[in-house]
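Report on the following structure.
The values are calculated or read from the model by the stated rules, or taken from the named source; none is laboratory data. All values derive from a computational prediction rather than experimental measurement. Neighbour counts run over all protein chains shown; Cβ positions are idealised from the backbone, glycine included. When the accessible area is computed, the model is the full protein with side chains, heavy atoms only, and any ligands, DNA or RNA have been set aside. Shrake-Rupley method; radii C 1.70, N 1.55, O 1.52, S 1.80 Å.
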Amino acid sequence: MAAVGIPRRALLLAVLLVLVVGVLAGLGRVGWDIPISWQVVGNHGPLMVSGFLGTLIGLERAVGIRRRPAYAVPGLSLAGTLLLLAGATAEVASVLTSLSALGLAAIYFFLARPSTAYFLGVMALGAFMWLGGNVLWGMGRPFAEVAPWWSAFLVLTIAGERLELGRVRRLSAAVLAAFFAAVSILVVGVATTALAFDPGVRVFGAGLLALALWLLRHDLAWRTARIPGLPRYMGVALLLGYAWLAVGGVVALGSGGVYGGPEYDVLLHAVFLGFVMSMVFAHAPVMLPAVAGVTISFTRAFYVPLVLLHGSLALRVVGDLVGSFPSARWGSLFNGAALALFFLVVAGSALIRRRSRR
Ligand code: HEM
């Protein structure tokens, strides 16, 4: 397996570069003067969801399954993304990202056993949501109609992981039934958006809210937040993320099917930044050593980008909701700064750790 180290790190580096381009594209979308083409700015969404997160999740699964063919999953989503950056159309790029989504679902089915199928099934459902979003994107549907599918991909992937970790709590049948009821409402909402966009987004919002309340009530995060050091940091990042998931649910429930504007920005980024990126911040100290083979020492410095992420998102969301575009714009800029600072803190901690071992 040693030979896999270099391609693995190269994939991870490519994923981080796609993140940088994706964030710059987002900043270009909110009106900052960023020297990149409008073609790239217009593809901020697929860069972030498929290029960065789809490839990262695929890489994490490929490392976990320890089967060389599994690396085709992150390879395909990255290839689709690089083609998109090179000017290919959504039709072409979506074929590769769709194959990646199918491959991801196949990994979950391959891993599933009777005792693990209930949470791997939720993650596989997430992979099919990614597939649905990619197909709609390839068909030329507006991003507003694609976004609920992509949100569901990331939300179900994370919810499935939390359910897996929650096994230690021996959740009762009633608590599990409540989890699957929330997932069902969410999935029915997303599917309905393809037929009736506005009511579908509202039902999807209700599903997000139900899942957020379930996680806030039953997830392990409250327990880990009581243990000092890295567990507390992870617990805090998780709980803040669940709160933003609830905000995204309430806004989707209230605003329904919108194609742009402040509510659109809030229902997207409460989930994508507030929930998903907070999960990335929480898991990276544990996930990166497995994926990149680097050791990270946790320090309180990790709280700085976490506070900046949630503080700047609050500024952006409040700016959106009260109609203060400057607040939304500066909030967005500091969103980007929080992401950059996080990876600097991670890289710095890995370097310090490596030096201390010499
Ligand atoms: C610094 C961080 C970010 C900034 C500045 C940013 C900016 C934006 C802006 C301005 C829009 C258009 C909203 C509108 O039309 O009103 C947008 C849309 C979108 N964003 Fe972000 N975003 C950021 C982070 C993210 C992240 C982390 C993700 C996903 C993981 C994401 C996924 C999307 C998607 C899927 C769309 C919809 C596609 C579209 O309308 O083009 N964004 N973003």
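In the stretch 69-127, how many residues are of a type in the set (V, I, T) and open to solvent by 40 Å² or more (accessible area, probe 1.4 Å)?
The number of residues fulfilling the criteria is 3.
Within the stretch 268-283, track down each residue that is within 20 Å of G26 (Cβ to Cβ) and either more than 10 Å from the ligand (Cβ to nearest atom) or charged (D, E, K, R) (or both).
A270, S278, M279, F281 - these are the residues of the stretch 268-283 that are within 20 Å of G26 (Cβ to Cβ) and either more than 10 Å from the ligand (Cβ to nearest atom) or charged (D, E, K, R) (or both).
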A350 open to solvent by 50 Å² or more (accessible area, probe 1.4 Å) and assigned to a helix (DSSP H, G or I): no
- request: Would you mind stating whether G331 is under 19 Å from the mean Cα position of the chain (by Cα), more than 23 Å from L208 (Cα to Cα) and within 9 Å of the ligand (Cβ to nearest atom)?
  value: no
task: Considering every residue within the stretch 19-34, establish whether at least one is more than 16 Å from the ligand (Cβ to nearest atom) and among the β-branched types (V, I, T).
output: no
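Please specify each residue of the stretch 261-275 satisfying the condition of being of a type in the set (G, A, S) and in contact with a Gly (Cβ under 8 Å, 6 or more places away or on another chain).
Within the stretch 261-275, A270, G274 meet the criteria.
From the list F180, F143, which one is within 16 Å of the ligand (Cβ to nearest atom), at pLDDT 95 or above and open to solvent by 30 Å² or more (accessible area, probe 1.4 Å)?
Values: F180 fails: within 16 Å of the ligand (Cβ to nearest atom).
Matching residue, one of F180, F143: F143.
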task: With the condition kept exactly as written, say whether any residue in the stretch 36-57 is crowded, with 19+ Cβ neighbours inside 10 Å and of a type in the set (S, T, Y).
output: yes
message: Residues that are farther than 30 Å from P326 by Cα, assigned to a helix (DSSP H, G or I) and not aromatic (F, W, Y): does the stretch 15-37 have at least one?
response: yes
task: Report yes if some residue within the stretch 197-206 is closer than 30 Å to I296 by Cα and open to solvent by 10 Å² or more (accessible area, probe 1.4 Å); otherwise report no.
output: no
task: Tell me, yes or no, whether the stretch 4-12 has at least one residue that is farther than 18 Å from G138 by Cα and in contact with a Pro (Cβ under 7 Å, 6 or more places away or on another chain).
output: yes
